Every structure is written in C-alpha cells, then in structure tokens.
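A.B. asks: Attaching a single structure in structure tokens format; questions to follow.
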Protein chains: 2
Amino acid sequence: MALHNDLLLRVLRGEKVERPPIWLMRQAGRILPEYRAVRERLSGFIELVQSPDLVAEVTLQPVDALDVDAAILFSDILVVPEAMGLPYEMVEARGPWFPKTIETMADVDSLISGDNAAERLGYVYDGIHKTLTALNQRVPLIGFSGAPFTLFCYMVEGKGSKTFSKAKKMLYTRPDIAHKLLQKITDTIIAYLRQKIKSGVNVVQIFDSWAGVLDSASYDRFSIPYLRQINEALKDSCPVILFPKGAWFSLQALHDIGSSGLGIDWNIDAAYARTITGPYKVLQGNLDPCVLYANEDTISQEANRMCNDFGPCHIANLGHGVYPDTPLENVKHFVNSVKRFRYS
Amino acid sequence: MALHNDLLLRVLRGEKVERPPIWLMRQAGRILPEYRAVRERLSGFIELVQSPDLVAEVTLQPVDALDVDAAILFSDILVVPEAMGLPYEMVEARGPWFPKTIETMADVDSLISGDNAAERLGYVYDGIHKTLTALNQRVPLIGFSGAPFTLFCYMVEGKGSKTFSKAKKMLYTRPDIAHKLLQKITDTIIAYLRQKIKSGVNVVQIFDSWAGVLDSASYDRFSIPYLRQINEALKDSCPVILFPKGAWFSLQALHDIGSSGLGIDWNIDAAYARTITGPYKVLQGNLDPCVLYANEDTISQEANRMCNDFGPCHIANLGHGVYPDTPLENVKHFVNSVKRFRYS
C-alpha cells in the first residue's frame, strides 16, 4: 500500500518536487485545543507518552487540524534514559528531573543498553502500530530520538540547565566515563530506532537539542562520532534527519556525516548553510517560531522568503518546536503559505 | 597619576604588548570565599549592588586574590531598567523578576530615560569613587551596562527565559513600540555610561547577553543600530568593548561598528573570528568556563592554545562569566598560565 502523500520521502530521496513538504516540531502539542483536552484528562505528561492509544490520538491531531505533510510520533526523548535504568519525573513548569544521575564508571556499568534497553520500550512500538492504523497511509510517520550528547546532558546533569555545566564538567574531568556513557546511549538509540523502523516509521529524526553548549572541538569529539554511528547503522533502512540545535560551528562535520537531512535553527541563515552544504543537501527548517506571532502578511512573506532562500532540497519547518502560546490560526496560515509556494 | 598596570589599556589602544591582559567576567563573585562572606551578612543581592562601600570591597577582592589585569565594578545590568522606573526583585535560585513589564506604547512613554534616569544611579557613581580610592591605580577599572536589546528582553519578558518569546513577540507584532523602547534604553545607557566614565572608569563593556535568541536579520535591525549609537557616543572618551553572547551570525556587522574591543564566546573559535575581523581587531575571550573544571595541565594547555590562536590584539577571558562552583585554585592557575604566556 502506498502513501497518499509522500512528498517528504521524495524530497529525502533527492527527487524533484514542486514545493517543500512542511511539518512542525511540536505540532502535536499545546497549540491544539484537542491536545490540551487530552492532557487535562490525565495525571501527567509521562502517562500520555506511555499510552499507545493516546499517542496515536495526539499524533493524528495535527494531521487533521493542520493538514501537514508528515506526522511525528508523540513521545519524549527521555524514554531512552528511562529504559536504560534512569527514571525521570516531569515537574510542572520546571521540566524533567532525574532522582538518580550518572557520576561514576560504576554508574555507567550499571546501565542497561542496546537491545536490552530497547525492548523495554514496547509501549512506543505499540503506539506506532496504533498510529499507522489510524493514519491510514495519509502521510509519512516520523519517529525520533534524542542525540547521544543531549541524553548524556540530562543523565549527568539530572535536569534542564542553561549551561549544562555539571554534564560538561565530566567531558573535561572524566572523558573516559563520558565516552563510555555516550557509547552505551548510542547503542541503545540504534537498537531503539531499529525497532521503531521495524514497527513502521518512515523517517527518523535525531534531536541534539543541547549541541549549542559546546565548542566546535568538543562537539567534534563528543557528539559527531556518535551521530555518525547512528546514521551508518540506520541509513540503509530509513532516511535520517539530524537536528543539532545551535551547532552552527560544526556544520561542515555534520554535513559530512551524510545523513539524508539536516535540520537547522534560525541562527543559521539559508545562505550560510548553503555555502557549507551546497545546493543538494536536504535542509530542514528554519523559521524563528516567534514569526508565528506576527500578522498574516508577515507570516506569508517570511514563509516565502524561507522557501526561496533555501531553494529545492528543503523541508519547511520552524527552527525549533512551535511555542505553546502560538495562535492556531497563525500556524495554519504558515502551513498554507508554504503549501501555496512553488519553485520557479 | 598613572596606572601601575595599564596592559589592558595598551592593548585596547592597539599597542604592541608581550602577553594578553587577563580578567574574568564574574571574577567578583561566588568563586571567592571573601565574596560569599560579604553576601552572607546581607539580606540580598540588590542590597550589595546599592552599597558603595561594599561594591568597592567586592570589586577589589579578585584583584587581591587573583592578581588579574583589570577590576570590573561590581553591579548588575538591571539597575538601568530600575532607574527607568521598572523595579525588579532577585528571587533566590530563579533570577530576576519584574512585577511590572512593558506592554504598550503608554508603558514606554511613562518610562524615565536619558540623564533623568542616569542621575538616579548615584550609588553606582559613589561606588566608582570608593573603588578608585581603594584600587589606588593598581589596574584599570571596567564599568559595564547591559545592551539595549538585552535590557529590552527583561523589561518586556519580566524574567529570564530560554527563548524570550514574549519579548521577541513584540519585535514581530509591534516593532514601533520595540524601537521606541530600545531608543529610550539606549539614551539611558549612554547617559549612564557617560556618568560612569566621568566618575573614573577606564573602559566600558556592553553585555548583549541574549543576542543569541535572534536571527541575523532581526539582530541587524533591533540590536546593531543601538550598539552603534552607544559606541559613537562614548568612543572618544573611553574604549568600548561589546560582548554579544551568541551573535556569531552578525559578527561582521558587530565588527563594523568599530568598537575598541569585541568579546566572543566559545562557540566562535579564534580562527573563524579572525577570518571576519582580521588580525588587528582586539578580541576578548573566549575559553569555555567548563575548562576550569579540568586538571592543571589541561587548563594550561587550553590557555596557551587560546592565546596562540587569537594572536596579538587579544584580551584573555572566558567566553562567559566564571561558574560559581569553579575551584578557586583552578581559576588562579588559568590566570597564571596566561600571565606566563609570551607572544613569539
């Protein structure tokens, strides 16, 4: 059975298309009243992530409401540390919190990893099956994971941070522990994403959300090699999109990994990105989410400017997850502006 | 009377020197036990900022303890919004909080600005006089201000934020209000820094701490013109150092402002910066503060690498304020490593 709308996959295969496909990071989320209604019935975010029926429901919501060109499986990057033996709580208005963190080599040795960890995430694969049934081949389904460095940040720091100085301290004081932990996380991500692909996702995206806390030399040492392992392990079975937020300084190294797609944020303009990647790399992004607070004219102009600036080989998106207080009508206007765009 | 150590001023004048001067952002602060002792006697941070005798005491502490090449007047960037009529509180472990924020043109119109605001900051100028007496010409004294865009962020958002989406929303929805507010802030910064220079500071630094939340086009519109005004107004009376954290994407425009010095963070490596600024721009920075968690060998190596990579026309510093939990011995080792360095 073929997808009714396979625009995203065609772009990722390098085929010529009329306009960029569009989806939004965090499209399944608080911008939608029907999502907020589901959340209100539940005790918390983690309950939603672990309920396959609800995951399917909220994953479908933006496909119905916004008519985007892809669904992204509702989940959380922190299911991976949890499966490795490091459970977390989601503290309202503060974000994630890990009661236990990684400090020593013994802590790393005690973690579950690879297939043994991945098999503990059955609720995710169940969610994929339910989603695919409900989706009924309308659009491709994207599955995601946090990048090794970003998960490392949470597992060592224990919570969100502006600097992640505790996590980075380990890079400078115990690089041996850091590399061993990064490798175990990488093995788990690969096993996990293999299961997701086997369950039916069409594309995987790797979020390196905290890339921007590093310098180029550290990023090349503590993130790039692990991202490369993931891409090498998966690329023959599924297109991989890397999204290294804030890592403009390692764009060349990221490009050289050779993933099918590379997401960029609004700090990097299209012209700069193209000087490094050339015209044929599939780039994803990168409108500032705050543009969606503006009036319709500005949103259309910025959407058109973005599509023109990137040229073909582009997936339209924001440079970050859509902000929860964005007016829904503005989100729709953005999606429709991109859908009206045509490459000349 | 001449300064005993004027290395910083000589570099900023473009003179040839043997080694880079060194000071640290947040050198007067929690890394020093004598600072923590002062803080313990007080009810809060703002009390310290407003006490000229204590300001002089804590400003001198790192000159004694670390033997750095400059003192920086202990203060807070948020004294400027407060003088403009927008008071704030410092909430322990959460950061600044403004009970009232700027939302409308009427809110902007009601703000005090320029000389009228600057004259309300007498406690800062008193602090300078007391500091200069205590400093006794040992090293230059740096005074600072927040940049217009960064102060705008706090005055509209009302608190710290990872995204400053509320503040940025105004840029897209009401650029007229944003520009009027930015101009009033700029007028106040200029009047305030003129008073600081008149009171005796030898250098001023402008912290654009939240530059990195913008894209290049927005930064060129909402920050660069105001930074240029400040530099133009002050450059004939005092060297100006701009420190736009995260604004790598506008480095060319920042360089073109022509300030005496330009601070950069660790995301930007020296080689990249020099391709844009050339060899003669005085660059300040940029070691990752987390390097100071490492052992002495690593700290020395990284200090030497930094000094070599920038070459002459460089002020050694971190790429951000020193983190409060940095071991003091490591900070001293960093300072001494730079002081042993010689240009070949």
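A.B. asks: Peptide A:286-293: average number of partner chain Cβ atoms within 10 Å per residue?
C.D. replies: Details: counts 1, 1, 10, 3, 15, 6, 2, 8.
The per-residue average across the peptide is 6.
A.B. asks: Can you report the principal axis dimensions of segment A:195-344 using only the alpha carbons, biggest first, rounded to whole angstrom?
C.D. replies: 43, 37, 34
A.B. asks: Sort B:277, A:326, B:101 so the one with the fewest other Cβ atoms within 10 Å of its own Cβ comes first. List each step's numbers first, then the result.
C.D. replies: Details: B:277 19, A:326 22, B:101 16.
With the sparsest Cβ surroundings first, the list reads B:101, B:277, A:326.
A.B. asks: Taking Cα atoms, how many degrees apart are the long axis of helix B:148-157 and the longest axis of chain B, rounded to 10 and kept between 0 and 90?
C.D. replies: 50
A.B. asks: Can you list residues from other chains, or at least 5 along the same chain, whose modelled amide H is less than 5 Å from the amide H of residue A:260?
C.D. replies: Distant-sequence amide H within range of residue A:260: A:240.
A.B. asks: Within chain A, which is the longest segment that contains none of the trypsin sites (Lys or Arg not before Pro) sitting in a DSSP loop with at most 15 other Cβ atoms within 10 Å? Numbers along the way, then the final one.
C.D. replies: Details: sites that count: A:13, A:16, A:30, A:94, A:100, A:162, A:235, A:342.
With a cap of 15 other Cβ atoms within 10 Å, the longest stretch comes to A:236-341.
A.B. asks: Quick one: with label points 7 Å out along Cα→Cβ, list the inter-copy distances for residue A:296 in nm, shortest first?
C.D. replies: Values, ascending and in nm: 6.9.
A.B. asks: Largest first and in whole Å, what are the equivalent-ellipsoid semi-axes of segment A:275-341 based on the Cα gyration tensor, each being the root of 5 times an eigenvalue? Don't skip to the answer; put the middle values down first.
C.D. replies: Numbers: eigenvalues 96, 31, 16 Å².
Taking √(5λ) for each Cα gyration eigenvalue gives 22, 13, 9 Å.
A.B. asks: Which of rounded, prolate, oblate describes segment A:62-136, given a ≥ b ≥ c as roots of the alpha-carbon gyration tensor eigenvalues and a/c under 1.5 marking rounded, otherwise prolate only if a/b is larger than b/c? Spell out each step's value before the answer.
C.D. replies: On the way: a/c = 3.59, a/b = 1.79, b/c = 2.01.
It is oblate, given that a/c is not under 1.5 and a/b is not larger than b/c.
A.B. asks: When Cβ neighbours within 10 Å are restricted to other protein chains, what is their mean count per residue of peptide A:267-275? Walk me through the numbers on the way to the answer.
C.D. replies: Values: counts 13, 4, 4, 0, 1, 3, 0, 0, 0.
Across the residues of A:267-275, the mean count of other-chain Cβ atoms within 10 Å is 3.
A.B. asks: Further question: How many angstrom lie between the Cα centre of segment B:88-129 and the Cα centre of segment B:263-286?
C.D. replies: About 32 Å separates the Cα centre of segment B:88-129 from the one of segment B:263-286.
A.B. asks: Round to the nearest 10 and give me the degree value, 0 to 90, for the angle of helix A:122-135's Cα axis relative to the longest principal axis of chain A.
C.D. replies: For A:122-135 against chain A, the angle is about 10 degrees.
A.B. asks: Convert each backbone phi in segment A:69-83 into a coupling constant with the Karplus relation 6.51 cos²θ - 1.76 cosθ + 1.60 (shift: θ = phi - 60°), then list the ³J(HN,Hα) values in order as whole Hz, x for Gly and Pro.
C.D. replies: Values, residue by residue: 8, 7, 9, 10, 4, 5, 6, 9, 5, 7, 5, 5, x, 4, 5 Hz.
A.B. asks: Can you pull the mean other chain C-beta count within 10 Å for peptide B:165-172? Walk me through the intermediate numbers first.
C.D. replies: Values: counts 9, 4, 1, 6, 8, 2, 5, 10.
Across the residues of B:165-172, the mean count of other-chain Cβ atoms within 10 Å is 6.
A.B. asks: Based on the Cα coordinates of segment B:79-223, what is the per residue volume of their convex hull in Å³? Each step should come with its number before you reach the end.
C.D. replies: Details: hull volume 17.1 nm³, N = 145.
Roughly 118 Å³ of hull volume per residue.
A.B. asks: Could you work out the Rg to Rh ratio of segment A:150-260, with Rh taken as the Kirkwood radius (inverse of the mean 1/r over all Cα pairs)? Don't skip to the answer; put the middle values down first.
C.D. replies: Details: Rg = 13.8 Å, Rh = 14.4 Å.
Rounded to two decimals, Rg/Rh equals 0.96.
A.B. asks: Averaging over all projection directions, find the projected area of the Cα convex hull of segment B:202-277 and quote it in nm² with one decimal place.
C.D. replies: Details: hull surface 18.7 nm².
Quarter of the Cα hull surface area: 4.7 nm².
A.B. asks: Note the full-extension length gain between residue B:104 and residue B:235 as 0.36 nm times their separation in residues minus their Cα-Cα distance, in nm to one decimal.
C.D. replies: Numbers: separation 131, 0.36 × 131 = 47.16 nm, distance 3.32 nm.
Roughly 43.8 nm would be gained on extension.
A.B. asks: Using a label position 7 Å from Cα in the Cα→Cβ direction, what is the ascending list of nm distances from residue B:332 to the same site in the other copies?
C.D. replies: With the label placed 7 Å along Cα→Cβ, residue B:332 yields 6.7 nm.
A.B. asks: Can you tell me the orientation of helix A:52-66 relative to chain A, as the angle in degrees between its alpha-carbon axis and the longest Cα principal axis, to the nearest 10?
C.D. replies: On a 0 to 90 degree scale, this one is about 30.
A.B. asks: Also, quick follow-up: Just to be sure I understand the curve: with the Debye formula and one point per C-alpha of the protein assembly as shown, what is log10 I(q)/I(0) at q = 0.07, 0.12 Å⁻¹?
C.D. replies: Results for the protein assembly as shown at q = 0.07, 0.12 Å⁻¹ read -0.48, -1.37.
A.B. asks: Label-to-label distances across copies for residue B:95, with labels 7 Å out along Cα→Cβ, in nm, shortest first?
C.D. replies: 1.0
A.B. asks: What nm distance separates the two modelled labels at residue B:90 and residue A:272, each placed 7 Å from Cα along Cα→Cβ?
C.D. replies: In this crude spin-label approximation the distance works out to 3.3 nm.
A.B. asks: Given 20 Å bins starting at zero, what is the percent of C-alpha pairs of chain B in each, up to the one with the largest pair distance?
C.D. replies: Result, from short to long distances: 32, 61, 7 percent.
A.B. asks: Residues with amide H under 5 Å of residue B:72's amide H, sequence separation 5 or more or different chain, H placed in the peptide plane at 1.01 Å from N; which?
C.D. replies: Distant-sequence amide H within range of residue B:72: B:142.
Since every read-out is calculated from the coordinates, none of them should be taken as a lab result. The shown structure was predicted, so the numbers you read here are calculated from the model rather than taken from an experiment. Backbone-built Cβ (ideal geometry, glycine too); neighbour counts: all protein chains shown.
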